[in-house]
1. Run down ASN314, ASN304, ASN268 and say which single residue is modelled with pLDDT of 90 or more, over 30 Å from GLY18 (Cβ atoms) and in the same structural domain as GLY255 (by TED's automatic domain parsing).
2. Residue by residue through region 248-261, note down the ones that are part of a loop (DSSP other than H, G, I, E, B) and out of contact with any strand residue (DSSP E or B) (no Cβ under 6 Å at 6 or more places or on another chain).
3. If you check ILE38 against the conditions, is it among the β-branched types (Val, Ile, Thr), over 22 Å from HIS250 (Cα atoms), touching a residue at least 12 places away in the same chain (Cβ under 8 Å) and not assigned by TED's automatic domain parsing to the domain that holds PRO279?
4. Could you tell me which numbered condition TYR252 fails, if it satisfies all but one of (1) surrounded by fewer than 19 Cβ atoms within 10 Å (Cβ to Cβ); (2) out of contact with any Asp or Glu (no Cβ under 7 Å at 6 or more places or on another chain)?
5. In region 265-322, what residues are of a type in the set (A, V, I, L, M), out of contact with any helix residue (DSSP H, G or I) (no Cβ under 6 Å at 6 or more places or on another chain) and not in a loop (DSSP other than H, G, I, E, B)?
6. Run ILE176 past the list (1) modelled with pLDDT of 85 or more; (2) of a type outside the set (S, T, N, Q); (3) over 27 Å from VAL26 (Cβ atoms) and report the number of the one that doesn't hold.
7. Kindly establish whether SER239 is within 25 Å of TYR28 (Cβ to Cβ) and without any contact (Cβ under 8 Å) to a residue 12 or more places away in the chain.
Amino acid sequence: MALLEVKNLHTYFKTKKGTVKAVNGVSYSVEAGKTLGIVGESGSGKSVSAMSIIKLLDGNGFIDSGEIFFDGKNLANVEIKDIRHIRGNDISVIFQEPMTSLNPVFTIERQVSEPFMVHQKMTKKEAKEEVVKMLALVKIPNPEAVAKQYPHQLSGGMRQRVMIAMALACKPKLLIADEPTTALDVTIQAQILKLMNDLKSGSGTSILFITHDLGVINQMANDVAVMYCGEVVEKAPVSTIFGKKTQYLHPYTEGLMFSVPRLDTPPNIRLQSIPGAVPHPLDLPKGCKFAPRCKYATNKCRDNEPDMLTVEKNHEVRCYYPEKGVRSNDK
């Protein structure tokens, strides 16, 4: 059963030069106890679609239309004052850069204790005891001493563990992880990913994991939604996307896959790159948004935008020619 279901979401931003359609008809769902990975280049609408769930948008951003069902309630119609009871309690967020997410003038203890005091109505003494337990849960050594320290006294990996402790303080049903390992080196990244998987298994929390790294998606997620220019261009189980016998892939997903280094790639073979760049959100192409960069594009692709096509069970692709065997550069 779906814990979160986003249906035809449109989130726009008003600017001096026009309305930016950052999220333009996005639909996806997160099953209870499962992880959905959202992948795509910068500017594809990954973070905006996730922040729309808890209405954590800039002042010029707004949900134009669509539905966001969480635990049976449509959050798109919920007032901000009521969303505040959901943020941090039922839905928590781990942000990309912990140093800018943590307040530099407050101790770790004060910051991690806040969700306990605000949402759980604990006393300051009770919250302090829970802080030590949470820091120990996320594998921080000597949690009693770390609780008294300030963010600048901790390493990047330790700060991210603190952010995870804060996010899990109230045992949320959904955890939104917005590129939580981007600022970390690969060794610490592996530790943080393992920690999140272990905590998910222990608590049953669902995770919406946002990243640009397909390798992370393969390690973390059960299902994947690939986004491009504010749209979902492919949805499928991770086992389908990364399976050796996959016959259907959106050309954009295919390009992302080919750009990832592999151990079995011969040393004389260069990694492929996706030509061009993501179009400006105020000057999007007429047809398929990926057509200007797609080596398989035809006049049909350039003139008309394709709908999501179900090619297999639980596998949808927004493409006129999803089957790799029938694609041709001569079309």
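The values are calculated or read from the model by the stated rules, or taken from the named source; none is laboratory data. Because the structure is predicted, anything quoted here is derived from the model rather than measured. Don't worry about glycine lacking a Cβ; one is built from the backbone with ideal geometry, like all the others, and counts go over all protein chains shown.
1. The unique qualifying residue is ASN314.
2. Across region 248-261, the qualifying residues are LEU249, SER259, VAL260, PRO261.
3. no
4. TYR252 satisfies every listed condition except (1).
5. LEU309, VAL311, VAL317
6. Just one mismatch for ILE176, condition (3).
7. Criteria met by SER239.
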